[in-house]
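Participant: I have a structure here, written as C-alpha cells, and I will follow up with some questions on it.
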Amino acid sequence: MNYNLDEMIKLWFAEDIGDGDHTTLSSIPADAMGKQQLIIKEDGILAGVEVAKRIFNIFDPNLKMTQFLKDGDVVKKGDIAFVVEGSVRSLLQTERLMLNIMQRMSGIATRTAGYVELLKGTNTRVLDTRKTTPGLRMLEKEAVKIGGGCNHRFGLFDMILLKDNHVDFAGGIKNAINRTHDYLNSIGKKLKLEIEVRSFDEIRQVLETGGVDRIMLDNFSVEDTRKAVEMIGGRFETESSGGITYDTIRSYAECGVDFVSVGALTHSVKSLDMSFKAVK
C-alpha cells in the first residue's frame, strides 16, 4: 500500500487551516516566540510521539521538540511527554492536529494493552480488524502494535479472508476455497488464506477440503470454541471473533485459540486525555 504520512499530514493541515488561521494571525505577532508542553491528564499508554514530530517538522522545521517520553511508555496523570518551542503562531496552528492524532493513538494503545494484559499466561494474541477510521488505518494499526497487540490484514490486498457472504455467494466452503486457489495461481500471487466458519459442519467441510492457513470461529460460544479447537486439532491456526469483550476474552483464550480479533480496539475507543499548554 502506498501510504505517505507526510502527504497525509499536509492534507490534514489543509482541512484544518484552509485559507488561514485567522484567530492566530489576528491576535499573535509574527515574531512572537514561545513554548508549550504536552501534559498527560489520565493514566495510559503513550502513542503518536513519532507522528507528532513529523507534524511539527512539516509545518515549521524551526520548531524544537525536547522529548521526555516515547511511544509505548506507561504514563500517569501529570506526566510531561515533551516540550516544543518556537514561533507561537506555529505552535497554535499545530496544536489541534497533534492532539487529535496523539489522543486517538494513545487511546487505542491503552485499550490494546488492557486486552494484552488479560491474555498473559496464554498463547493467544489479540488482533485488530479493518474497522478503522478511513485515512487513519495505518496510524491506528501502529497504535495497536504499540499497545502490544498484533495486526490482522491491513486491507483487502494483503490476505485472503473468506467471510460468510463470500462463502454463500461462492456456493459453499469447498467452492470458495478452490476458486481462491485457482485465482491466486492464475495471477501468480501467494497470500495467506483464512476462512470464517459459523458451525461445526462448516469446520468439517474446511477440514475435508484443506488449503487454508487459519479458521475464524465466528460468534462461537466459549463452550463451542473449546470443542472447535479440539476438532481442528492444530491442523490450522484458529481465531475467535465476534462480540468478544474484556469480560470474555480470557475464557476464549483458555480454549486454546491462537488469536482473538477485537474490533473495539479501533472502532469505539476512548481517546486518552492530554493537553498542550503554554509554558509561561
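We did not get these values from a lab; they are worked out from the coordinates using the rules stated. Since this is a predicted model, take the numbers as computed values, not measurements. As a convention, Cβ positions derive from the backbone with ideal geometry for all residues, glycine included, and neighbour counts pool all protein chains shown.
Participant: How large is ³J(HN,Hα) for each residue in the range 105-122, as worked out from phi by the Karplus curve 6.51 cos²θ - 1.76 cosθ + 1.60 (θ = phi - 60°), to whole Hz, x for Gly and Pro?
Facilitator: 4, 5, x, 5, 4, 5, 4, 4, 4, x, 5, 4, 4, 5, 9, 4, x, 10
Participant: Please list, in order along the range 203-218, the HN-Hα scalar couplings obtained from phi with the Karplus expression 6.51 cos²θ - 1.76 cosθ + 1.60 (θ = phi - 60°), rounded to whole Hz, x for Gly and Pro.
Facilitator: 4, 4, 5, 5, 4, 6, 7, x, x, 10, 9, 8, 10, 9, 8, 8
Participant: Mind listing the long-range amide H neighbours of D73? Cut-off is under 5 Å, sequence gap 5 or more, other chains count too, H placed in the peptide plane at 1.01 Å from N.
Facilitator: L46
Participant: Still on this model: If we restrict to alpha carbons, what Rg and Dmax does the range 1-71 come to, in Å?
Facilitator: 14.7, 42
Participant: Hull surface divided by four, with the convex hull built on the Cα atoms of the range 165-280: how many nm²?
Facilitator: With the hull built on Cα positions only, its mean projection is 11.3 nm².
Participant: Please name which of I28, A47, N57 has its Cα lying farthest along the dipole of the range 20-64 towards the positive end, using unit charges on Cβ (Lys, Arg +1; Asp, Glu -1) and the Cα centre as origin.
Facilitator: Checking the options against the dipole of the range 20-64, the answer is N57.
Participant: Please turn the phi angles of the range 128-140 into ³J(HN,Hα) values with the Karplus equation 6.51 cos²θ - 1.76 cosθ + 1.60 (θ = phi - 60°), one per residue in order, whole Hz, x for glycine and proline.
Facilitator: Coupling constants for the range 128-140: 8, 9, 8, 7, 10, 6, x, x, 10, 4, 4, 6, 5 Hz.
Participant: Starting from the eigenvalues of the Cα gyration tensor, five times each then square-rooted, give me the equivalent ellipsoid semi-axes of the range 54-176, largest first, whole Å.
Facilitator: 38, 20, 10
Participant: Tell me, what is the percent relative contact order of the chain, built from C-alpha pairs under 8 Å that lie six or more residues apart?
Facilitator: Relative contact order, the chain: 23 percent.
Participant: Using +1 on the beta carbon of Lys and Arg, -1 on that of Asp and Glu, and nothing else charged, what's the dipole of the chain about the Cα centre, debye to 20?
Facilitator: I would put it at about 400 debye.
Participant: Further question on the same structure: Given points 7 Å out from each Cα along the Cα-Cβ axis, report the K163 to M231 separation in nanometres with one decimal.
Facilitator: Going from the K163 label point to the M231 one covers 2.2 nm.
Participant: Please work out the C-alpha center-to-center distance from the range 224-280 to the range 27-70 and express it in whole Å.
Facilitator: 32
Participant: Placing +1 at every Lys and Arg Cβ and -1 at every Asp and Glu Cβ, with all other atoms neutral, what dipole size does the range 1-106 have around its Cα centre, in debye to the nearest 20?
Facilitator: Value, rounded to 20: 280 debye.
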